[in-house]
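Notes follow once the structure below has been shown.
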Amino acid sequence: MNRIAFVVLLFSVPGVAWSQDAPANDASPAPAPTEKTTEKAPPVKAVPPAVKAKIEKSLKKTPPVKLVPAALEVATDGPANLEPKAVAKPAPNSGVNLSGYVRARYGAVLDGEGNPDFVGLNDGFFLDNARLTLDADRGRAHLRIAIDGAVDRRVARNTAQGQVDVGLKDAYIAYELADEVDVVIGQFKPPFDAEEQQATLDMTFISRAVESRGVHGTEGYNVDGLSVDRQAGIMLRGDLLAGDDTALRWALAATNGSGANRPTNDNDRLAYAGRIAYELGAFALGGAVNFNELTNGTPPDLLVDERLSIAADLAAGMVVAGIAVDFAAQFIRRETTSQDVPEEPKTVGQGYHASIGFGKGAVYLAYRFATLDPTSAFDTPDSATQATLDADAVTYHTIGFNWVPSDAPCGLKVNYTMTGEQAPRELSNDRLDILVQAGF
């Protein structure tokens, strides 16, 4: 009950505060009164009293202020897999908007003999998202608070034990410093890989590519992806071209580097991220870099790892014979170097994906090849450890079918993923996912 009361209070108080402070000029102004004149007006045809009263009544009406739903997450009008544009200059006192979405899924791992206990024994229904987002604008300032009621919290890796919980996603203030230049402070997605930047409802597939998200839950041997989690910090972003058909979007961020919803930084050093993307019509090319000094362990046994990550991405779209054709690709590489144990070898993880899709009307078909090798380069004198790390890459082939009518708030997505682990860690864990999503 305390959690429910908190969520209700969180979303009711800002709306009251922003709306009460807004001046009355949000509504369309009433027509200005006619100036008096001493000149004799020309004769006009008499208007019946009933008609005259009706006209005067209609002129006095002013349209009511509307609560307009905001875009689901971040609306994009360019190619997929690109970070959102800089916040456009809002109308003065434009009010408070509420939006959200739900994504419910049935998932089944088509398991066979020899799988470990945590793989393929938990087929059933999953709640992937229950997102509620509040956006508020006042002059050049924009505020966003986003909460998800379906955060998957596992008690440990490679287990089905855990719970679905409520968690904070975004909480930031964006302020327009100049045309096409914003400053953002709070908790947000750092500007890194394009796969993670795209809005959830706009994703072609049910889940993001494996090099970004990793292997979760009961899908296989759990491993972290190479994307960067939400962080608390500050970010500058903008567009150097801001043309009708071209854009050169950039973003620079300094964050704690300790992850989302953490009360403090993990050390006294900041993490840094930067991204730039060029867009020309339906073509886009982007690149990003992230640097973080991450502290692990418990006091007094603390160890610092230095992480340097790079990403590159490409997206293109065209229409051929009335059929939309889209292509996207991404590459991520991360190097981890121990600062406190010089003899510890450097670890290199990398992955990539390429996808192609065809759509006409509400129907969309797509295929994605994706791979992740969390230890593509790692040298150790322990032969057993070396053999394990040399065989921990995963490869996914995903076929997708989407039915998302433009005139309906809901849609259907079906994915079949053929998985491949390296020998001797092979699993029988091909996966079928059926998802229904709806937003407002």
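The values are calculated or read from the model by the stated rules, or taken from the named source; none is laboratory data. Worth saying up front: this structure is predicted, and the values here are computed from it rather than measured. Heads up, the Cβs are rebuilt from the backbone with ideal geometry, glycines too, and the neighbour counts pull from every protein chain shown.
Annotations
- Listed by first and then second residue, the pairs with beta-carbon distance under 9 Å, at least 6 apart or on different chains, first residue in the range 300-318 and within 14 Å of ASN267 (Cβ to Cβ), second surrounded by fewer than 18 Cβ atoms within 10 Å (Cβ to Cβ) and hydrophobic (A, V, I, L, M, F, W, C), are LEU303/VAL341; GLU306/PHE291; ARG307/PHE291.
- Members of the range 235-252 that are assigned to a strand (DSSP E or B) and under 19 Å from ALA315 (Cα atoms): ASP239, THR246, ALA247, LEU248, ARG249, TRP250, ALA251
- In the range 139-180, residue surrounded by the most Cβ atoms within 10 Å (Cβ to Cβ) [restricted to those that are in contact with a Gly (Cβ under 9 Å, 6 or more places away or on another chain) and of a type in the set (Lys, Arg)]: ARG144
- Output for the range 295-336, where each listed residue is polar (S, T, N, Q) and crowded, with 17+ Cβ neighbours inside 10 Å: THR295, SER309, GLN330, THR336
- Any hit, the range 182-190, residues being at pLDDT 95 or above, crowded, with 21+ Cβ neighbours inside 10 Å and under 25 Å from GLN350 (Cβ atoms): yes
- Close contacts from the range 198-220, counting a first residue that is under 24 Å from PHE118 (Cα atoms) and a second that is in a loop (DSSP other than H, G, I, E, B) and aromatic (Phe, Trp, Tyr), with Cβ to Cβ under 9 Å and a gap of 6+ residues or different chains, come to VAL215/TYR221; GLY217/PHE118; THR218/PHE118.
- In the set (1) farther than 30 Å from ASP373 by Cβ; (2) in a loop (DSSP other than H, G, I, E, B), the condition left unmet by SER258 is number (1).
- Of the residues making up the range 386-410, those that are among the β-branched types (Val, Ile, Thr) and within 18 Å of ALA366 (Cα to Cα) number 4.
- Of all residues in the range 391-405, those satisfying the criterion of being within 14 Å of GLN350 (Cβ to Cβ) and not in a strand (DSSP E or B) are ASP392, ALA393.
- For the range 404-440, a residue qualifies if it is at pLDDT 95 or above and surrounded by fewer than 18 Cβ atoms within 10 Å (Cβ to Cβ), and the qualifying residues are LEU412, VAL414, TYR416, MET418, LEU432, ILE434, VAL436, ALA438.
- Filtered residue count, the range 172-197, keeping only those that are touching a residue at least 40 places away in the same chain (Cβ under 8 Å), touching a His at 6+ places or on another chain (Cβ under 9 Å) and over 17 Å from ALA273 (Cα atoms): 2
- Listed by first and then second residue, the pairs linking a residue in the range 393-412 that is free of Cβ contacts under 8 Å to residues at least 40 places away in the same chain and at negative phi to a residue that is surrounded by fewer than 14 Cβ atoms within 10 Å (Cβ to Cβ) and not hydrophobic (A, V, I, L, M, F, W, C), with Cβ atoms under 6 Å apart and 6 or more places separating them unless they lie on different chains, are ALA393/GLN422.
- Residue match in the range 371-383 (condition: under 22 Å from THR200 (Cβ atoms), at pLDDT 90 or above and in a strand (DSSP E or B)): yes
- Scanning the range 418-437 for residues that are in a strand (DSSP E or B) and farther than 17 Å from TYR364 by Cα returns MET418, THR419, GLY420, GLU421, ASN429, ASP430, ARG431, LEU432.
- In the range 114-171, the residues that are of a type in the set (A, V, I, L, M, F, W, C), assigned to a loop (DSSP other than H, G, I, E, B) and touching a residue at least 40 places away in the same chain (Cβ under 8 Å): PHE118, VAL119, LEU121, ALA160
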